[in-house]
Amino acid sequence: MILSFGSVNLDLIATVERLPRAGETVLGPGYRALPGGKGANQALAARRAGAVAQLVGSVGRDAFAAPALAELAAAGVGLEHVVRHQTAPTGCALICVDSKGENQIAVALGANAELKAKHVPDALLTGETILLLQREVTPEESWSLARRAAARGARVLLNLAPCGEVPADVLRALDWLILNEGEAAELARAHGIGSDASEFAKALGIGVVATLGAEGIAACRGHERWRVPALAISPVDTTGAGDAAVGGFAAALDRGAPPEEALRWASVAGALACLTPGAQSSLPSEREIRDALPRLTPK
């Protein structure tokens, strides 16, 4: 089972001719309200990739909660442990996108800031659980949960997005650390180690996955090394690519796939998510991933 502990948002995306300057109001023709948040996105990505998935998150008792959770409910993601906060609003990302595709984003955490490790019952943390963590909720709550999950035999995956500090003992409690090139460089500086996957893995004693965009994915664990190419595509929108890759990787591991196969699932899922606009609407199904896997050939 995949257990995602993380953020749930409703994204309000306004289209404008140009981005406003400080103190300025600009007008646009309309906006879209779309579900998001890395915790929700990755739970949905894993579910669509064929895994049983649960989300532990926090939303408000407001009009944004239902649309923020609608895609997950429709896909069969378990929502029994989503907290409905009495006073905090559902998290919201306020996004302006101009005619060139540039954007400005402000995120109001709302109920996401009220999510606690205690909201995850011990019964969900077993040797059959893969716990997915990100950094869009209070980090200390995620670190507390990582320690508890590892002690109970669950596998713990941390997608270090957005990047930030991680305690050394939490890093060593992980089974897999998933990050992109920029995040790897920032974490390397903080811990005084090299920024490629092999140096991370050697220093921390864990599995490390580095997403490389159009160059594919590199990973290592112990003395094992893998490099998986990217699927050849013409991208439309890369918004959901990272979350799709994490969900595909976790779903494959949950089925018992070896790391190299799980990395192939991650690479294909991430690429397919670039073919459709939006974060959650772009996440590919298990059938779509399986059908595309034969197209993934070594460079």
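Across the stretch 256-272, the number of residues qualifying as closer than 13 Å to ALA49 by Cβ, surrounded by 18 or more Cβ atoms within 10 Å (Cβ to Cβ) and not basic (Lys, Arg) comes to 8. Among the residues of the stretch 277-297, those identified as under 16 Å from ALA49 (Cα atoms) and without any contact (Cβ under 8 Å) to a residue 60 or more places away in the chain are SER282, ARG287, GLU288, ARG290, ASP291, LEU293.
Do the conditions hold for VAL208, that is, is it under 23 Å from SER4 (Cα atoms), under 16 Å from the mean Cα position of the chain (by Cα), in a strand (DSSP E or B) and modelled with pLDDT of 90 or more? It is true that VAL208 is under 23 Å from SER4 (Cα atoms), under 16 Å from the mean Cα position of the chain (by Cα), in a strand (DSSP E or B) and modelled with pLDDT of 90 or more.
So that you can scan it fast, the table gives a plain yes or no per residue for (1) farther than 16 Å from LEU212 by Cα; (2) modelled with pLDDT of 95 or more:
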{"site": "PRO259", "(1), (2)": "yes, yes"}
{"site": "LEU263", "(1), (2)": "no, yes"}
{"site": "CYS274", "(1), (2)": "no, no"}
{"site": "SER282", "(1), (2)": "yes, no"}
{"site": "GLU286", "(1), (2)": "yes, yes"}
{"site": "LEU293", "(1), (2)": "yes, yes"}
{"site": "LEU296", "(1), (2)": "no, no"}
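Taking the stretch 136-168 as the range and being modelled with pLDDT under 95 and either of a type in the set (A, V, I, L, M, F, W, C) or out of contact with any helix residue (DSSP H, G or I) (no Cβ under 7 Å at 6 or more places or on another chain) (or both) as the test, the residues that pass are LEU160, ALA161, PRO162, CYS163, VAL166, ALA168. Scanning the stretch 68-95 for residues that are outside any helix (DSSP H, G or I), at pLDDT 95 or above and crowded, with 17+ Cβ neighbours inside 10 Å returns VAL77, GLY78, LEU79, VAL82, VAL83, HIS85, ALA88, PRO89, THR90, GLY91, CYS92. If you go through the stretch 227-253 and keep only what is part of a helix (DSSP H, G or I) and among the aliphatic types (A, V, I, L, M), you end up with ALA241, ALA244, ALA245, VAL246, ALA250, ALA251, ALA252, LEU253.
Do we have PHE200 as crowded, with 17+ Cβ neighbours inside 10 Å and at pLDDT 90 or above here? Against the criterion (crowded, with 17+ Cβ neighbours inside 10 Å and at pLDDT 90 or above), PHE200 does not qualify.
Residues that are surrounded by fewer than 18 Cβ atoms within 10 Å (Cβ to Cβ) and under 18 Å from the mean Cα position of the chain (by Cα) within the stretch 14-67 comprise just one, VAL52.
For the stretch 1-11, the criterion of being buried (at least 18 other Cβ atoms within 10 Å of the Cβ) and more than 16 Å from the chain's Cα centre (by Cα) is met by no residue. Looking at this structure, is ASP62 in a strand (DSSP E or B), acidic (Asp, Glu) and under 18 Å from LEU94 (Cα atoms)? No.
I'd like to check something: does the stretch 33-42 contain any residue that is in contact (Cβ under 8 Å) with a residue 60 or more places away in the chain, farther than 28 Å from LEU125 by Cβ and in a strand (DSSP E or B)? Yes; the residues of the stretch 33-42 include at least one that is in contact (Cβ under 8 Å) with a residue 60 or more places away in the chain, farther than 28 Å from LEU125 by Cβ and in a strand (DSSP E or B).
Among the conditions (1) closer than 21 Å to ALA161 by Cβ; (2) out of contact with any Pro (no Cβ under 6 Å at 6 or more places or on another chain), the only one that GLU71 does not satisfy is (2). What number of residues in the stretch 146-164 are in a strand (DSSP E or B) and charged (D, E, K, R)? So the count comes out to 1. Taking the stretch 107-134 as the range and being part of a helix (DSSP H, G or I) and under 11 Å from VAL8 (Cα atoms) as the test, the residues that pass are GLY110, ALA111, ASN112, ALA113.
The values are calculated or read from the model by the stated rules, or taken from the named source; none is laboratory data. Note that this is a predicted model, so its numbers are computed, not measured. Glycine also receives a Cβ, built like all others from the backbone with ideal geometry; neighbour counts cover every protein chain displayed.
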